[in-house]
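Scroll down for the structure; my scribbles are underneath it.
The values are calculated or read from the model by the stated rules, or taken from the named source; none is laboratory data. Everything numeric here is computed off the predicted structure, so don't read it as measured data. Cβ coordinates were reconstructed from backbone atoms using ideal geometry, including for glycine residues, and neighbour counts include every protein chain displayed.
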Amino acid sequence: TDAPASSVVKPHPPEMENKSADADACGAPAVPAASPPKEVPVPAAYLESTSHHLPSLDEYNALYARSVADPAAFWSDIAREFHWHKPWPADTPPIAWNYDPRAGPVFTHFWKGGQTNICYNALDVHVAAGGGDTVAFFFEPNDPDDGRARTVTYAALLADVCRTAHALRAAGVGRGDAVVTYMPMGVELPTVMLAAARIGAVHSVVFGGFSPVALAGRLAAANAAVMVTCDGVRRGSKWIDLKAVADEAVAIAAREHNHTVRSQIVVASGSRPAGGEDVLMTPGRDVWWDDALQGHPSTCDVVWVDAEDPLFCLFTSGSTGAPKGIVHTVGGYMVGAATTFKYSFNYMPGDVFFCTADCGWITGHTYVTYGPLLNRATQVVFEGIPTHPDAGRLWGIVAKYGVTAVYTAPTALRSLKRAGDEFVTSHNTSSLKILGTVGEPINPEAWDWYYSIVGNRRATVVDSYWQTETGGHVVAPLPVAGLVLKPGAAQLPHFGVVPALLDDDGKVVEGEGSGHLVISAPWPSALRTLMGDHKRMESIYFTRFPGYYATGDGARRDADGHLWLTGRTDDVLNVSAHLLGTAEIESAIVAVPGIAESAVVGVPHEVTGEAIYAFVVLMPGTKGGDALRAEITASLRVRIGPIARVETIQWVGARGLPKTRSGKILRRLLRKIAVGGGRDGDLGDVSTLADPDVLTDLLDGYGK
Ligand code: WT7
């Protein structure tokens, strides 16, 4: 790939004309302004509606200053609010790190030598403090009238987690062993995560939309002998047979990775279509969840682990090679998840939190399983999708449970906005105080719709920027008095996060300007390593800019010092707030017979943010067309999953792709062509091209 990343830093968000469309906060109908507002103060109605962990911007500034001036003291004071079985040693620094690979191996340690357990802090502590009757989860099934809706208290959850912990042990899971889950979103998924954490095991959640091949690779990479799965799930109106995928993955893992899955625990969904195929259970390997839990006590001793022991491994896409198994550890992740949840969403007792993410992604780990439970929060766990049975589903849930904070992705907002305001206004959303977004930059139009239509200009928007690697929020406009929100900007660094912008040469960009977003000191929930490949972690995140963690995102700092994320600077696409590496997509495409080579780029898309545009080079004698397109779609489904959907294919003839003399594909040129550019000679510098004639063919082929 052509490396100069600055060339792909996306342009700044357009400046908006009108300064304030929310001047009519009292009374006027909530209609988004003709063009979105440029600045909106955190609304007074929000500020008056609740008490505050952090009352004002001044207090944020003071606390932030302390968090970066003395991170060890700042974070250790917070860590002491948790239960430690054994405190971290007093004679060594509570925090240690090296971010410069030239000085030795990269590492991050928070409270190494201290012993704790995140499950104990998320459940036992609250139950012991009299919170056993507090609701942990309101489970909302895919279909609104489904009788499976239920309420789970902290006491009930603790009992289930303990029985599950025993069941995992009975399946042979011990301290440090991996457990993979391949399950739908529901109460059982966080239950398994917490049960694994309770006994010192390492969970690795695989999203229930990944294909058998993808699941097999993760089972092997995580080295998991035990998988917890489900017979299936109804997502929207589709039935997805997860057990069939799990079985196929186990077979592929054995065949292609020489990896054995010894045991599968299978949750019965209770929503399997009548008259369909039976669930195939392999004797000696597969056991139903109810049978596995049967007879186990509802209490279970906690395994105390080191703060730096691994808690989980979660796979995410990178620009090259196989997905990266991001490893987070117990102590730092616990403190980071709890603290960011508390301050970003200003959670107060009695509030009802609703994160729409699946635990298959980091958002579900940090802001369903851990952040809320560590704060003794009450939340909605939703099995379904925002558009089923109609585009009002999320707002119906808000009304049903009196949700005070909702947390979702801009792509969902854009598709719901398209469906029409009446899907919102037909529900009572007045309980909302916080409107969170995550996953991609939010466009100001979607922001304005969220703010005006969903939140009635009474709730404040928290545009949280973070990554699987960061474990929790790193940049977000906290809901504090005195802050002026800027639609499209994530704005303020979270506590302990020291962001910097670097130019292509690694020189620090001071003041206003754009560059590579890096972080110069560790925060508690920072990634610690990549599963089985520490060198790869050093080379991906710490080598280009030694001394810094490189996010892979570009950002701009405005005159107020606020950060605007401008998109990935590497070959990773963000489709519907999910990352996909160009390399993994391309290898699925070239696996199709008759295809010689492929290069994919991202193009802007109204709903999904980015869409995949594939240049596909055909072998002599092969013809591009619908049949080949169907084969490509199938290959992507099998190797990655349905999220990897190519929007546009451009067939490329014998001249092939634009390459440098050393054989690197010039993606910068392909991006221009994909968005319809280049016809008027604005392709920029093409002097490094080995064969300038390829451009003529590519420009000719556009749109055909
Ligand atoms: C990438 C991380 C973080 C949980 C979900 C995604 C992009 C995420 C924002 C935001 C602009 C954002 C970045 C980042 N991203 N949130 N608020 N504004 N960009 O986790 O799959 O690890 O993806 O998502 O490009 O690097 P992930």
A155, sole failed condition from (1) assigned to a loop (DSSP other than H, G, I, E, B); (2) free of Cβ contacts under 8 Å to residues at least 40 places away in the same chain
(1)
Of residues in region 480-497 being within 19 Å of the chain's Cα centre (by Cα) and more than 23 Å from A446 (Cα to Cα), the one nearest to the ligand (Cβ to nearest atom):
H494
Please name all residue pairs, on different chains or six or more residues apart, with Cβ atoms under 7 Å, provided the first residue is in region 453-480 and is on the phi < 0 side of the Ramachandran plot and the second residue is assigned to a loop (DSSP other than H, G, I, E, B) and modelled with pLDDT under 95.
I453/A30; I453/P32; D463/I442; V480/P55
Out of (1) at pLDDT 95 or above; (2) over 25 Å from A222 (Cα atoms); (3) crowded, with 22+ Cβ neighbours inside 10 Å, the one L530 does not meet is (2)
Exclusive hit being free of Cβ contacts under 8 Å to residues at least 12 places away in the same chain and either away from the ligand (no atom under 14 Å from the Cβ) or surrounded by 22 or more Cβ atoms within 10 Å (Cβ to Cβ) (or both), set G561, G581, G547:
G561
Could you say which residue among P487, P524 is touching a Phe, Trp or Tyr at 6+ places or on another chain (Cβ under 7 Å), within 24 Å of P32 (Cβ to Cβ) and not polar (S, T, N, Q)?
P487
Kindly indicate whether any position in region 637-647 is away from the ligand (no atom under 16 Å from the Cβ), closer than 17 Å to P323 by Cβ, modelled with pLDDT of 90 or more and basic (K, R).
yes
What are the residues in region 631-677 that are more than 14 Å from D700 (Cβ to Cβ), loosely packed, with under 15 Cβ neighbours inside 10 Å and small (G, A, S), if any?
A634, S662, G663
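One line per residue, one yes/no per condition, for (1) under 25 Å from the mean Cα position of the chain (by Cα); (2) part of a helix (DSSP H, G or I):
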{"position": "P620", "(1), (2)": "no, no"}
{"position": "K623", "(1), (2)": "no, no"}
{"position": "I632", "(1), (2)": "no, yes"}
{"position": "G641", "(1), (2)": "yes, no"}
{"position": "A644", "(1), (2)": "yes, no"}
{"position": "R655", "(1), (2)": "no, no"}
Just checking, how many residues over region 159-168 are touching a Cys at 6+ places or on another chain (Cβ under 9 Å) and over 13 Å from V228 (Cα atoms)?
4
Any residue at all in region 403-412 that is at pLDDT below 95, among the β-branched types (V, I, T) and in contact with a Ser or Thr (Cβ under 6 Å, 6 or more places away or on another chain)?
yes
Out of all the residues in region 273-290, which are surrounded by 13 or more Cβ atoms within 10 Å (Cβ to Cβ) and either of a type in the set (A, V, I, L, M) or without any contact (Cβ under 8 Å) to a residue 60 or more places away in the chain (or both)?
V279, M281, R285, D286, V287, W288
Could you list all residues from region 388-420 that are more than 29 Å from A481 (Cβ to Cβ) and either among the aromatic types (F, W, Y) or touching a helix residue (DSSP H, G or I) at 6+ places or on another chain (Cβ under 6 Å) (or both)?
A391, G392, R414
Determine, yes or no, whether T339 is outside any strand (DSSP E or B) and modelled with pLDDT of 95 or more.
yes
Just to be sure before I move on: is H388 within 16 Å of the ligand (Cβ to nearest atom), out of contact with any Pro (no Cβ under 8 Å at 6 or more places or on another chain) and at pLDDT 95 or above in the structure I sent?
no
Do you know which residues across region 435-468 are within 13 Å of the ligand (Cβ to nearest atom) and part of a strand (DSSP E or B)?
L435, G436, T437, V438, V461, V462, D463, S464, Y465
Answer yes or no: is there a residue in region 313-329 that is in a loop (DSSP other than H, G, I, E, B), within 14 Å of the ligand (Cβ to nearest atom) and in contact with a Phe, Trp or Tyr (Cβ under 8 Å, 6 or more places away or on another chain).
yes
Can you name the strands (runs of 3 or more DSSP E) wholly within region 187-279 that have at least 3 residues being touching a strand residue (DSSP E or B) at 6+ places or on another chain (Cβ under 7 Å) and modelled with pLDDT of 95 or more?
202-205, 224-230, 263-267
Scanning region 244-272 for residues that are within 25 Å of T356 (Cβ to Cβ) and not small (G, A, S), which turns out surrounded by the most Cβ atoms within 10 Å (Cβ to Cβ)?
V267
Those residues of region 192-214 which are over 23 Å from W239 (Cβ atoms) and touching a helix residue (DSSP H, G or I) at 6+ places or on another chain (Cβ under 6 Å) amount to M193, L194, A195, A197, R198, I199, H203, S204
Filter pass, P524 being at pLDDT 95 or above, out of contact with any strand residue (DSSP E or B) (no Cβ under 9 Å at 6 or more places or on another chain) and under 30 Å from F74 (Cα atoms):
no
I'd like to verify a number: residues in region 83-101 that are over 21 Å from A521 (Cα atoms), surrounded by fewer than 17 Cβ atoms within 10 Å (Cβ to Cβ) and touching a residue at least 24 places away in the same chain (Cβ under 8 Å), how many?
5
Can you say whether A550 is out of contact with any Cys (no Cβ under 6 Å at 6 or more places or on another chain), modelled with pLDDT under 95, not charged (D, E, K, R) and not in a loop (DSSP other than H, G, I, E, B), as far as the supplied structure shows?
no
